[in-house]
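Below is one structure; the comments refer to it alone.
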Amino acid sequence: MTPPHRGERIGLVVNPSAAGGRSDLRDILRRLLGRMQRERLCVLDGTIEGVTAVDAGLSVESIPIPRDSVNAYAAAQHLLRAGVSGLVGVGGDGTLCDIASAVRSEASDAWLLGVGIGSANVGPLVGVRGEALDTLRFDRLREFPVHGIEAFVRETSVGLAFNDVAFATTYFGTREGRRVDLDAVAKLMGEDRVGVPSPVCGADTWIRKNGCPMLPAETSSFAQIVASPINDPQTHAGLAVSGLLCWGPYVGLHAVLAAVSTVMIRTRLTADDVAAVEPLQLMHVGFGDEDRVEVGGLQPNAVVILDGNPTCRLTSTDVVTLRVRMNALRTLRPSQAFMEQEEAE
């Protein structure tokens with residue numbers, strides 16, 4: 001796959017609140033813009049990225065927006081409708097997921113280069129992390145298609161996840177420079193407050209794959225369910241401790257769902273916390289693009305969280321259907337050969 005063609009119009013979308021509105025955001029932007037001086041850059045008028053580009057003396061195409069502020073999804077929509085060929089997104093996994101969702105909703109073929117500066121930065125949409133910007137070269141980027149998992153509630157799509165679909169009560173955030181667990185239900189109500197991770201599974205929780213029951217009848221030993229697309233199966237190849245994932249490269253496994261005996265997604269964890277949940281119980285269900293995985297009977301405090309974005313609160317009678325979407329997005333990242341060369345130097 002080839003890097004972006006010289007002369008392509010590239011849109012820039014920045015989440016000014018990423019990682020709690022980190023104080024070095026403008027410095028990160030200046031470093032990024034310094035690597036994009038030879039690109040045709042498009043920004044939305046009045047945004048932090050637009051102001052920083054002008055302050056840096058760059059010649060950019062400024063696109064007016066109909067209101068004073070927009071989120072990452074709406075910003076990406078505006079730029080795509082202005083005809084950009086690709087997008088550079090700056091933020092965490094949730095921000096990049098929002099941008100990717102805009103690409104999908106606009107039925108666009110635009111690529112995405114994700115610059116990770118958020119609370120987690122672990123998803124496949126992250127092509128380069130903020131601390132590695134000084135080595136970023138657009139002529140060394142290559143295209144890597146990624147697939148995701150689409151979630152449906154009451155037979156209506158609630159979005160696509162590229163890192164994970166989590167059934168949880170909390171999600172990651174950064175407040176006052178610290179990663180914290182935030183209340184997912186409160187977020188959906190427009191409130192911002194710290195939350196306590198708690199189990200969402202109970203005796204009535206069930207999982208089905210293509211209509212066949214997957215979860216044992218006694219489910220009280222499980223606390224949380226998470227599903228992830230598998231974009232790099234070689235990471236787990238042959239490692240039996242990875243469960244089903246160790247077979248992924250050999251059988252074409254595209255996604256896996258895990259039911260776990262403790263809440264896995266939490267920010268505060270010590271060696272004592274790990275010892276307290278041992279032995280960890282884990283059940284895997286693998287699925288591909290022809291499969292339907294359904295989850296139901298969750299606790300009424302459960303929220304569907306897509307790549308760290310609280311999306312939909314569930315009732316005990318709701319059924320969530322998960323489907324793999326193959327090659328859902330074109331992403332850019334440095335080629336493996338270039339990364340190995342950088343490590344050697």
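The values are calculated or read from the model by the stated rules, or taken from the named source; none is laboratory data. Note that this is a predicted model, so its numbers are computed, not measured. When we count neighbours, we look across all protein chains shown, and the Cβ atoms used for this are built from the backbone with ideal geometry, even at glycine.
The single condition among (1) assigned to a loop (DSSP other than H, G, I, E, B); (2) within 23 Å of Lys187 (Cβ to Cβ); (3) under 22 Å from the mean Cα position of the chain (by Cα) that Ser228 does not meet is (1). Looking at segment 95-102, can you tell me whether even one residue there is closer than 16 Å to Gly11 by Cα, of a type in the set (A, V, I, L, M, F, W, C) and in a strand (DSSP E or B)? Checked segment 95-102: no residue is closer than 16 Å to Gly11 by Cα, of a type in the set (A, V, I, L, M, F, W, C) and in a strand (DSSP E or B).
In this structure, is Val274 over 19 Å from Val146 (Cα atoms) and in contact with a Ser or Thr (Cβ under 6 Å, 6 or more places away or on another chain)? Spelling it out, it is not the case that Val274 is over 19 Å from Val146 (Cα atoms) and in contact with a Ser or Thr (Cβ under 6 Å, 6 or more places away or on another chain). Of the strands (runs of 3 or more DSSP E) lying entirely inside segment 113-173, those carrying at least 2 residues that are among the β-branched types (Val, Ile, Thr) are 126-129, 141-153, 156-161. Which residue is surrounded by the most Cβ atoms within 10 Å (Cβ to Cβ), if the candidates are limited to segment 251-271 and must be outside any loop (DSSP other than H, G, I, E, B) and among the small types (Gly, Ala, Ser)? Only one residue tops the list, namely Ala255. Residue count for segment 125-158 satisfying the condition of being in contact (Cβ under 8 Å) with a residue 24 or more places away in the chain, within 25 Å of Leu257 (Cβ to Cβ) and surrounded by fewer than 23 Cβ atoms within 10 Å (Cβ to Cβ): 10. Taken together, Leu112, Leu12, Leu79, Leu96 contain a single residue that is touching a Ser or Thr at 6+ places or on another chain (Cβ under 7 Å), aliphatic (A, V, I, L, M) and at pLDDT 90 or above, which is Leu112. Check Ser220 against each of (1) under 16 Å from Asp289 (Cα atoms); (2) part of a loop (DSSP other than H, G, I, E, B) and name the one condition it does not meet. Result: Ser220 fails condition (1) only. Within segment 283-320, the set of residues being touching a Gly at 6+ places or on another chain (Cβ under 6 Å) and among the acidic types (Asp, Glu) comprises Asp307 only.
Of note, Arg179 does not satisfy the criterion of being in contact with an Asp or Glu (Cβ under 6 Å, 6 or more places away or on another chain) and either modelled with pLDDT under 95 or surrounded by fewer than 17 Cβ atoms within 10 Å (Cβ to Cβ) (or both).
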